[in-house]
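**Q** After the structure tokens below, expect a handful of questions from me.
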Amino acid sequence: AGVVPLWGAAVAALAVAGAAAAAGALLGPYDMVRSVLAVVLSVAAAEALLRHCTRRFGGVTGDVFGGLAETAATTALIVLSLG
């Protein structure tokens, strides 16, 4: 925790959003936007949970990281299924 600098996390998020946009573009412009939105909302949900857990527990554990991954994946699936 705290090992990845902010710029590194931002670059990774942008790379994933770019890959999602490219994959979504194969199905059309609407799916491209929806794919990028799924990535953005997933990152936002995971960040919100991370901030809450850090404030509540005073740090993070492996269980928190697992919860972050599940929250991000669920958010992405929900966004992608609402099309």
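**Q** With everything on Cα atoms, drop me the angle between helix 6-25 and the longest principal axis of the chain, reported from 0 to 90° to the nearest 10.
**A** 30
**Q** State log₁₀ I(q)/I(0) for the chain at q = 0.21, 0.23, 0.25 Å⁻¹ as given by the Debye formula over alpha-carbon point scatterers of equal weight, solvent excluded.
**A** -0.97, -1.09, -1.19
**Q** Share of the chain's accessible area from carbon and sulfur, percent, 1.4 Å?
**A** For the chain, the apolar C and S fraction of the accessible surface comes to 73 percent.
**Q** What FRET efficiency comes out for residue 63 versus residue 14 if R0 is 22 angstrom and r is the Cβ-Cβ distance? Round to the nearest 0.05.
**A** Efficiency, from the Cβ-Cβ distance: 0.20.
**Q** Remind me, relative contact order of region 6-82 in percent, using alpha carbon pairs under 8 angstrom and six or more residues apart?
**A** Once normalised by length, the contact order is 29 percent.
**Q** Right, another one. Any idea of residue 68's accessible area? Nearest 10 Å², probe 1.4 Å.
**A** 20
**Q** Short version: ³J(HN,Hα) in whole Hz for each residue of region 33-48, in order, from phi by Karplus 6.51 cos²θ - 1.76 cosθ + 1.60 (θ = phi - 60°), x for Gly and Pro, what are they?
**A** With the stated coefficients, region 33-48 comes to 5, 5, 5, 5, 4, 4, 5, 4, 5, 5, 5, 5, 5, 5, 5, 4 Hz.
**Q** Here's another thing I want to ask about it. So with the 1.4 Å probe, I'd like the accessible area per residue for the chain, rounded to whole Å².
**A** 68
**Q** At 1.4 Å probe size, put 47, 70 in order of accessible surface, largest to smallest. Display every interim value, and only then the final one.
**A** Values: 47 75, 70 120 Å².
Solvent-accessible surface, decreasing: 70, 47.
**Q** Sticking with this one: Could you sort 64, 16 by accessible area so the largest value comes first, with the probe set to 1.4 Å?
**A** Values: 64 15, 16 85 Å².
My answer, sorted largest first, is 16, 64.
The values are calculated or read from the model by the stated rules, or taken from the named source; none is laboratory data. All of these numbers come straight from a predicted model, not from anything done at the bench. As a convention, Cβ positions derive from the backbone with ideal geometry for all residues, glycine included, and neighbour counts pool all protein chains shown. Just so you know, the surface numbers come from the protein's heavy atoms only, side chains and all, with ligands and any DNA or RNA stripped out. Shrake-Rupley method; radii C 1.70, N 1.55, O 1.52, S 1.80 Å.
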